[in-house]
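Let me begin by presenting the structure, written as structure tokens, before commenting on it.
The values are calculated or read from the model by the stated rules, or taken from the named source; none is laboratory data. Values in this document were obtained by computation on a predicted structure and should not be read as measured data. We place every Cβ from the backbone using ideal geometry, glycine too, and count neighbours over all the protein chains shown. Accessible surface is based on the protein model in full, side chains and every heavy atom, while ligands, DNA and RNA are left aside. Shrake-Rupley method; radii C 1.70, N 1.55, O 1.52, S 1.80 Å.
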Amino acid sequence: MNAEKKFDLLVLGGGSAGYAAARTAHEKKARVAVVDGASELGGLCILRGCMPSKTLIYSAEMLHAAQQGEIFGFEATSPKADLALMQERKKKVIAEFADYRKEQLADGRFSLFREHGKLQSKHEVMLAKGEILQADKILISTGSRVSVPGIPGLREARYKTSDDVLNLDYIPEECVVLGGGVVACELAQFLSRIGTRVTILQRSNQLLKELPLDASLALQAQLSEEGVELLTGVKLQKFENGQKGETEVFFEQEGRSFSKKTHFLFLGLGRTPNVDQGSLTELGVTLKPSGHIHTNHFQQTSVSTIYAAGDCAGPHEIVHIAVRQGETAALHALGYSVPALCYDNLLSVVFTDPQIAQVGLSTEELKNRKIEFLSASYPFDDHGKSILMEAKRGYVAVHAEKSTGIILGAECTGKDAGELIHALSIAISLKATVHQLLQADWYHPTLSEIWTYPLDDLAEEIPAQ
Ligand SMILES: Cc1cc2nc3c(=O)[nH]c(=O)nc-3n(C[C@H](O)[C@H](O)[C@H](O)COP(=O)(O)OP(=O)(O)OC[C@H]3O[C@@H](n4cnc5c(N)ncnc54)[C@H](O)[C@@H]3O)c2cc1C
């Protein structure tokens with residue numbers, strides 16, 4: 001075997017998880033190969049995920065703010081979305097990020113193979129053109145793809161995915177969104193704000209069913225105020241394509257049958273791991289019922305030479321988790337001691353308006369673990385800075401251990417929640433108590449100082465140690 005084709009670590013998939021693993025392994029002087037068969041390098045986050053969605057969502061947020069001119073005391077002559085200009089800006093922004101990532105992958109630190117690869121054995125990957133690469137350890141970081149559930153007619157239906165929404169070159173008149181998860185909610189509000197009449201069909205009784213009910217209710221109220229129609233408790237039955245480019249969605253709600261025709265059916269029912277189940281199971285790699293690759297806390301699969309990280313491993317489809325998993329996998333695979341991954345301090349943000357952010361353990365999880373805790377919350381509509389900003393929707397909440405005051409979880413739903421939550425994320429990762437956080441300065445008037453209200457309430461209840 002040619003020495004150039006033998007590696008310490010082979011990374012299959014050069015997205016967020018794969019790049020993080022390759023960079024980490026290179027820093028440890030390992031011989032690293034990255035195999036990625038995408039027509040364009042960059043991964044989901046940069047090309048079709050976080051960055052393009054947040055660029056467009058921010059444009060729509062600015063548009064929405066401009067449309068509120070009257071409230072703030074300035075004249076704005078009916079600002080409207082110019083999708084061509086929004087897309088032009090997005091392309092420019094994304095091109096810069098993608099170019100930078102391509103440079104990072106191709107700068108010679110790793111051997112980069114621009115082909116699809118398939119796991120061949122515990123130490124081998126076969127490239128699309130037949131070449132075999134050997135490595136001591138292999139990391140699978142092949143990401144995820146849009147999930148298309150087996151509802152009759154859905155596969156044949158003319159549905160659009162988040163990729164299509166992010167690349168739209170026209171403003172659809174109307175749209176039916178299937179699903180009420182993070183991506184569905186973020187892009188439904190984007191579509192509504194650029195001028196599309198949006199209906200969301202959601203199976204459970206609230207949007208974002210994994211998140212606290214109060215957060216979901218705040219978002220539902222905002223969407224309804226903006227004219228989004230939300231149907232919850234919906235059971236999708238079947239889909240039929242019509243003669244004029246429309247698709248008819250048949251569904252049940254409260255035991256009654258309904259149907260809705262749309263020219264823009266946005267399939268937002270989540271993503272599924274992008275893995276070659278056949279070759280993995282053949283080699284003895286265990287998969288979870290969800291199709292994710294099962295790993296231990298160091299991202300090692302049931303086959304000790306094979307690791308998995310990012311969306312294909314789960315359990316969270318979040319970039320900073322993919323990066324951390326990639327780094328952990330690389331270090332562990334190379335024999336370094338590394339802390340086991342734990343998601344007790346998990347940070348998540350939904351980029352709707354109001355934004356919804358959460359960190360640490362939820363009240364549900366705290367109850368499940370039988371941890372004695374106290375919670376306190378405070379609404380944005382009673383806080384000086386948010387009142388003057390007309391950002392009155394939402395709340396903050398802090399959950400602290402009853403006996404010690406150590407902060408275990410926090411929620412923030414409201415303006416800039418994705419920024420505000422970081423103060424509590426740092427506190428939680430440092431195991432700070434409510435009393436310690438109250439020793440910090442909180443500048444007046446800022447949105448951030450809203451945290452002092454629940455912290456004060458908790459400090460009154462919990463004696464300082
Ligand atoms: C619309 C949208 C918005 C999102 N917004 C956010 C957000 O705001 N914040 C956040 O944290 N997360 C967000 N996410 C999720 C986030 O983008 C993903 O969790 C993350 O990008 C996953 O990284 P990854 O490395 O696992 O996969 P990817 O980045 O998808 O990388 C996988 C790579 O593997 C390659 N590949 C696949 N199969 C093969 C093969 N057989 N051979 C060779 N190469 C292969 C692919 O070409 C790809 O480059 C969003 C996702 C979407 C869809």
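Remark: VAL148 matches the filter, which requires a residue to be surrounded by fewer than 20 Cβ atoms within 10 Å (Cβ to Cβ), more than 18 Å from LEU83 (Cβ to Cβ) and β-branched (Val, Ile, Thr). So is ALA357 more than 16 Å from the ligand (Cβ to nearest atom) and at pLDDT 95 or above or not? Spelling it out, it is not the case that ALA357 is more than 16 Å from the ligand (Cβ to nearest atom) and at pLDDT 95 or above. When region 137-158 is filtered for residues that are touching a strand residue (DSSP E or B) at 6+ places or on another chain (Cβ under 6 Å), closer than 28 Å to CYS45 by Cβ, more than 15 Å from the ligand (Cβ to nearest atom) and not hydrophobic (A, V, I, L, M, F, W, C), the ones remaining, listed by number, are LYS137, ARG158. For region 159-182, a residue qualifies if it is part of a loop (DSSP other than H, G, I, E, B) and within 14 Å of the ligand (Cβ to nearest atom), and the qualifying residues are THR161, ASN167, LEU168, GLY179, GLY181. Total residues in region 262-281 satisfying the condition of being more than 15 Å from the ligand (Cβ to nearest atom) and open to solvent by 10 Å² or more (accessible area, probe 1.4 Å): the figure is 2.
The condition (being more than 30 Å from GLU61 (Cβ to Cβ), hydrophobic (A, V, I, L, M, F, W, C) and surrounded by 14 or more Cβ atoms within 10 Å (Cβ to Cβ)) is satisfied by just one residue among LEU458, LEU424, LEU430: LEU458.
The residues on offer are GLN222, GLN189, and the sole one that is assigned to a helix (DSSP H, G or I) and either of a type in the set (Asp, Glu) or crowded, with 20+ Cβ neighbours inside 10 Å (or both) is GLN189.
ASP107 fulfils the conditions (1) without any contact (Cβ under 8 Å) to a residue 24 or more places away in the chain; (2) open to solvent by 60 Å² or more (accessible area, probe 1.4 Å); (3) within 16 Å of the ligand (Cβ to nearest atom); (4) under 26 Å from HIS332 (Cα atoms) except for a single criterion, (3). Here are the criteria: (1) crowded, with 17+ Cβ neighbours inside 10 Å; (2) within 20 Å of ALA184 (Cβ to Cβ). Tell me which single one ILE94 does not satisfy. The failed condition is (2). Residue pairs whose Cβ atoms lie under 6 Å apart, separated by 6 or more positions or on different chains, with the first residue in region 308-321 and open to solvent by 50 Å² or more (accessible area, probe 1.4 Å) and the second within 6 Å of the ligand (Cβ to nearest atom) and of a type in the set (D, E, K, R), are GLU317/ASP311.
For the condition open to solvent by 40 Å² or more (accessible area, probe 1.4 Å) and away from the ligand (no atom under 12 Å from the Cβ), HIS297 qualifies. Give the residues of region 1-21 that are away from the ligand (no atom under 11 Å from the Cβ), hydrophobic (A, V, I, L, M, F, W, C) and either at pLDDT 95 or above or not in a loop (DSSP other than H, G, I, E, B) (or both), sorted by residue number. Within region 1-21, ALA3, PHE7, LEU9 meet the criteria.
All conditions but one from (1) within 11 Å of the ligand (Cβ to nearest atom); (2) in contact with a His (Cβ under 6 Å, 6 or more places away or on another chain); (3) of a type outside the set (S, T, N, Q); (4) under 25 Å from ILE426 (Cβ atoms) apply to ALA322; the one that does not is (2).
Under 9 Å between Cβ atoms, at least 6 apart or on separate chains: pull out the pairs that start in region 322-349 with a residue that is at pLDDT below 95 and end on any residue that is within 16 Å of the ligand (Cβ to nearest atom). Correct list of pairs: empty, since none qualify.
Among the residues of region 158-197, those identified as of a type in the set (Ser, Thr, Tyr) and more than 18 Å from SER59 (Cβ to Cβ) are TYR159, THR161.
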